[in-house]
Amino acid sequence: MPSATSILSVRDLHVTFSTPRGPLYAVQGISFDLGEGETMGLVGESGSGKSTLALGILRLLPLNGKWTAKSISVMGQDVVSMSERDLNSAVRWTKLAYVPQASQNALDPLYRVGDQFVETVAAHAKVEREDVLKKAGTLLEQVGVDPAKLQSYPWELSGGQKQRVMIAMALILEPKIVILDEPTTALDTIIQAQILELFKQMRSFQKLSSIFISHDISVISNIADRVGVMYAGSLVEMASVSDIFKNPIHPYTQGLRESVPDVRKNKPISFIPGTPPDMVNPPPGCRFHPRCPYVQEVCKKSDPPLLPYPGDHYAACHFAERWVKQ
């Protein structure tokens with residue numbers, strides 16, 4: 001999936017966690033490019049590896065996590081060989097920022113919001129406190145939060161305000177790439193819509209490239225240019241958002257699409273039977289085969305590679321061609 005205007009390039013990224021039961025293979029050989037100004041949606045069930053992929057790119061894994069990659073390039077800089085010090089000063093937050101999952105709980109309740117902006121900047125750059133607070137106030141205003149909230153504690157803010165604060169904090173050092181990890185989770189429907197609209201405005205205003213992670217494919221459809229579908233630590237399909245909805249190739253993607261309620265059609269809500277696999281002891285062959293309605297013997301023995309199909313469409317299925325529209 002190469003791109004001549006790639007701003008983020010990941011090649012063969014693996015992430016493994018040590019557990020008492022043995023190694024857990026959370027991310028397995030993922031490669032992709034993110035184009036300049038593009039929003040890539042990343043969708044899949046809980047446990048599919050979406051958040052771990054983001055943390056692996058940033059090398060922010062817990063102590064029991066190990067990563068390997070052929071290359072990870074951020075705006076032309078290969079971060080694989082960088083030291084932690086160089087990553088903090090040259091990449092994290094300055095070029096690539098991250099809004100964590102459940103970010104409403106990421107703010108320290110014991111420190112004022114303004115102090116947390118200052119602390120975040122201090123970890124990555126040398127900027128005077130007054131300048132940080134001035135920039136933070138401007139960003140808060142842009143995301144619809146009263147700049148006076150810099151003097152507030154997080155517990156004095158609503159869930160939507162805390163989410164907006166975290167988005168502003170991610171933009172404080174003007175990165176060109178932002179990864180947003182389930183930014184609408186745990187918010188009510190109205191606030192979700194406001195956050196999505198805010199992101200669209202900020203993307204245009206800041207000229208951002210972004211990865212938007214969600215387990216909800218309907219949310220992704222409203223925000224992304226291109227969609228990567230993850231299952232059991234692997235990318236199983238990638239295509240434009242239009243193709244993912246109009247012509248999904250992988251049976252898992254088809255199941256995700258059919259699980260979205262459609263008020264225009266009088267049909268029962270569909271679901272994918274079964275549960276995601278145990279990644280300490282994954283099934284042989286295609287990881288999706290125990291849940292796939294089209295499973296054949298080859299699926300149980302051989303793991304299909306991610307292959308290209310017409311229209312810059314990629315899928316990992318032994319029988320993908322039966323769903324490809326010529």
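Per-structure values
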{"quantity": "Unique residue being without any contact (Cβ under 8 Å) to a residue 24 or more places away in the chain, of a type in the set (Val, Ile, Thr) and outside any loop (DSSP other than H, G, I, E, B) when the list is VAL236, VAL227, VAL298", "calculated": "VAL298"}
{"quantity": "Check on VAL229, of a type outside the set (Asp, Glu) and over 21 Å from GLU45 (Cβ atoms)", "calculated": "no"}
{"quantity": "Restricting the range 79-112 to residues that are under 20 Å from the mean Cα position of the chain (by Cα) and among the small types (Gly, Ala, Ser), the residue that is farthest from ILE213 (Cα to Cα)", "calculated": "ALA106"}
{"quantity": "Qualifying positions in the range 184-221 - closer than 23 Å to SER6 by Cβ and touching a strand residue (DSSP E or B) at 6+ places or on another chain (Cβ under 8 Å)", "calculated": "PHE199, ARG203, LEU208, SER209, SER210, ILE211, PHE212, ILE213, SER214, ILE220"}
{"quantity": "Verdict on VAL118 being over 24 Å from THR184 (Cα atoms), buried (at least 19 other Cβ atoms within 10 Å of the Cβ) and in contact with a helix residue (DSSP H, G or I) (Cβ under 7 Å, 6 or more places away or on another chain)", "calculated": "yes"}
{"quantity": "Residues that are in contact (Cβ under 8 Å) with a residue 12 or more places away in the chain and in a helix (DSSP H, G or I), drawn from the range 143-163", "calculated": "LYS149, LEU150, GLN151, PRO154, TRP155, GLY159, GLY160, GLN161, LYS162, GLN163"}
{"quantity": "Pair list, Cβ < 7 Å and 6+ apart or interchain, from the range 23-47 residues that are under 27 Å from MET75 (Cα atoms) and in contact (Cβ under 8 Å) with a residue 12 or more places away in the chain to residues that are polar (S, T, N, Q) and not in a strand (DSSP E or B)", "calculated": "ALA26/THR52; VAL27/THR52; ASP33/SER3; GLY35/SER3; GLY35/THR5; GLU36/THR5"}
{"quantity": "Residue tally, condition more than 21 Å from SER209 (Cβ to Cβ) and either of a type in the set (A, V, I, L, M, F, W, C) or modelled with pLDDT under 95 (or both), over the range 1-18", "calculated": "2"}
{"quantity": "Per-region count, the range 254-266, residues in contact with a helix residue (DSSP H, G or I) (Cβ under 9 Å, 6 or more places away or on another chain) and either among the hydroxyl-bearing types (Ser, Thr, Tyr) or loosely packed, with under 10 Cβ neighbours inside 10 Å (or both)", "calculated": "1"}
{"quantity": "Residues (of a type in the set (Asp, Glu) and buried (at least 24 other Cβ atoms within 10 Å of the Cβ)) located in the range 213-245", "calculated": "GLU237"}
{"quantity": "Those residues of the range 166-207 which are touching a residue at least 24 places away in the same chain (Cβ under 8 Å), part of a helix (DSSP H, G or I) and either farther than 21 Å from THR138 by Cα or among the charged types (D, E, K, R) (or both), in sequence order", "calculated": "ILE191, GLN192, ARG203"}
{"quantity": "Any hit, the range 68-76, residues being among the hydrophobic types (A, V, I, L, M, F, W, C), modelled with pLDDT under 95 and more than 17 Å from the chain's Cα centre (by Cα)", "calculated": "yes"}
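So that you can scan it fast, the table gives a plain yes or no per residue for (1) in contact with a Phe, Trp or Tyr (Cβ under 7 Å, 6 or more places away or on another chain); (2) surrounded by fewer than 18 Cβ atoms within 10 Å (Cβ to Cβ); (3) more than 23 Å from ILE167 (Cα to Cα):
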| site | (1), (2), (3) |
| --- | --- |
| ALA26 | yes, no, yes |
| GLY35 | no, yes, no |
| LYS50 | no, no, no |
| LEU58 | yes, no, no |
| ILE72 | no, no, yes |
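The values are calculated or read from the model by the stated rules, or taken from the named source; none is laboratory data. Remember, it's a predicted structure, so these values are computed and weren't measured experimentally. We place every Cβ from the backbone using ideal geometry, glycine too, and count neighbours over all the protein chains shown.
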